[in-house]
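One structure is given here, and the rest of the page talks about it.
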Amino acid sequence: MKLSGTSTLHKWEMKAKTFTGEAQFCFDSDISDELTSLQALTFSLEVENLKSKEKALDKNAYKALKANEYREIIYQLLWSKVLHKTGNKYLIEAHGNLTIAGITRAVTMDVSCIVNKNSTITCTGSEKLKMSDYKINPPSFMMGAMKTGDEITLDFILVYKKENKNDKLF
């Protein structure tokens with residue numbers, strides 16, 4: 001998972017390699033690997049798992065994201081629709097709630113899913129967000145001489161693994 005944005009000085013990014021989540025994908029039959037729907041999907045990311053190459057940036061970001069009070073960024077799927085299929089690749093329109101710094105907003109994302117032969121599903125996507133929509137003041141430093149932009153981009157690669165070969169829950 002990656003958050004990125006701009007500042008008056010340079011572009012910045014923070015990455016997280018660990019998070020938790022579950023998904024429930026439904027398939028046409030026990031024999032087929034044809035994805036018919038996405039019934040549930042959640043993920044939770046601890047804010048302090050986001051790391052950049054600069055400790056000062058991390059510290060400012062954690063403060064802006066109110067990490068002491070709201071430790072996690074959380075996504076909860078409300079509903080989805082499979083839009084397109086090409087081979088083992090699917091495009092899903094996902095409608096859900098994203099909670100950042102204690103503020104929950106509805107988001108609609110296009111999620112690309114690949115059903116892999118090793119009983120995993122890889123989901124990727126990207127969503128542009130505004131910090132102000134989550135009542136986050138874009139961080140500034142050097143007494144306001146340097147400021148980050150309001151718009152950020154959340155990029156994600158989520159890999160869900162089937163719990164049991166006979167289960168449809170990932």
- Query: With θ set to phi - 60° and the Karplus curve 6.51 cos²θ - 1.76 cosθ + 1.60, what are the ³J(HN,Hα) couplings of region 99-114 in order, to the nearest whole Hz, using x for Gly and Pro?
  - Reply: 10, 10, 6, x, 10, 9, 10, 6, 9, 10, 10, 8, 10, 8, 10, 10
- Counting Lys and Arg as +1 and Asp and Glu as -1, each charge on the Cβ, what is the dipole of region 31-110 about the Cα centre in debye, to the nearest 20? 300 debye
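Efficiency by 1/(1 + (r/R0)^6): what FRET value for residue 39 and residue 68, r their Cβ-Cβ distance, R0 = 30 Å, to the nearest 0.05?
The pair residue 39/residue 68 has a calculated efficiency of 0.30.
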- Ignoring ligands and nucleic acids, what accessible area does residue 74 show with a 1.4 Å probe (Å², nearest 10)? 70 Å²
- Please go through region 1-105 and write out the GluC sites (Glu not before Pro) that DSSP classes as loop and that have at most 10 other C-beta atoms within 10 Å. 69
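State which stretch of the chain is the longest one without any exposed trypsin sites (Lys or Arg not before Pro), exposure meaning a DSSP loop state and at most 12 other Cβ atoms within 10 Å.
On the way: sites that count: 17, 53, 117, 135, 165.
In the chain, the maximal stretch lacking such sites is 54-116.
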- Task: Mind telling me which of 73, 103, 121 comes out most flexible in a GNM of the chain, alpha-carbon contacts under 10 Å?
- Result: 103
- Computed over the chain: longest principal axis from alpha-carbon atoms vs helix 55-64 long axis, angle to nearest 10 degrees, is 80 degrees
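The values are calculated or read from the model by the stated rules, or taken from the named source; none is laboratory data. Given the structure is predicted, the values throughout are model-derived calculations rather than measurements. Neighbour counts are summed over all protein chains in view; Cβ atoms, including those assigned to glycine, are modelled from backbone coordinates with ideal geometry. All accessible areas refer to the heavy atoms of the entire protein, side chains included, with ligands and DNA or RNA removed. Shrake-Rupley method; radii C 1.70, N 1.55, O 1.52, S 1.80 Å.
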